[in-house]
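Everything below concerns the one structure shown next.
What follows is calculated from the coordinates using simple rules that are stated; it is not laboratory data. What you are looking at is a predicted structure, and each value in this text was computed from that prediction instead of being measured. No Cβ is skipped: glycine too gets one built from the backbone with ideal geometry, and neighbour counts run over all protein chains shown.
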Amino acid sequence: MSAADLDKLVYGGKDDDEPQYLVVHPGTSAFARNQLISLAELVSTEGSGLEVDAGVPALRRRLSELELPAPDSAVAVASPWWSFLNFFARERIRPEWVCLTTVPLPGKDIRDAEVTATTAKLLKIAVRFEKLKAWQESPRIILDNEQRLLQRAFEDFYWAVKQSLRRLAGH
């Protein structure tokens with residue numbers, strides 16, 4: 001999967017791009033497993049048994065299907081991807097663990113660091129999470145959009161805290 005496809009899957013792409021959906025089970029449709037499809041293609045296949053996923057849950061599902069190599073295997077390939085997988089295997093870390101399933105609450109020392117800059121971002125996460133919970137019965141496209149907005153809000157918060165800590169450390 002290319003970086004552009006990954007961006008479309010997790011964030012819905014940039015500007016005018018529409019969100020993409022990952023085919024989990026093609027059913028009787030003409031699509032292949034793990035293929036990205038648009039909303040229009042999804043709607044046109046109604047009733048074919050097509051199962052799709054979107055956003056971070058789709059990425060997490062795809063990562064969970066990765067077969068990790070044996071740690072420090074003799075079949076080492078000189079590529080960053082192989083190094084990445086080998087690190088995960090050596091440390092006994094599953095790749096899908098890089099996707100958050102819960103929103104962590106930062107410790108007091110982090111919360112106190114530049115409180116005014118990060119409090120608004122933390123509040124935005126809470127608001128997005130509450131909207132997502134309230135809209136569980138909404139159409140899938142609305143839920144997918146809220147999940148993307150929640151992910152972006154969390155990333156904004158994460159980078160703000162990281163910058164705050166760097167400033168405090170004098171870097």
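Just to confirm the filter: which GluC sites (Glu not before Pro) across region 128-171 are DSSP coil and have at most 16 other Cβ within 10 angstrom of their Cβ? Mind dumping the intermediate values first?
Numbers: sites: 130, 137, 146, 155; in loops: 137.
Answer in residue order: 137.
Put a dot 7 Å past the Cα of residue 68, heading toward its Cβ, do the same for residue 46, and the two dots end up 4.3 nm apart. Our estimate of slack between residue 141 and residue 87, defined as 0.36 nm per intervening residue step minus the Cα-Cα distance, is 15.8 nm.
The length gained by stretching the chain between residue 98 and residue 120 to full extension, at 0.36 nm per residue less their Cα-Cα distance, is 5.4 nm.
As a calculated quantity, the FRET efficiency between residue 7 and residue 28 at R0 = 22 Å, using C-beta atoms, amounts to about 0.15. The slack in the chain from residue 61 to residue 155, taken as 0.36 nm per residue of separation less the alpha-carbon distance, amounts to 31.8 nm.
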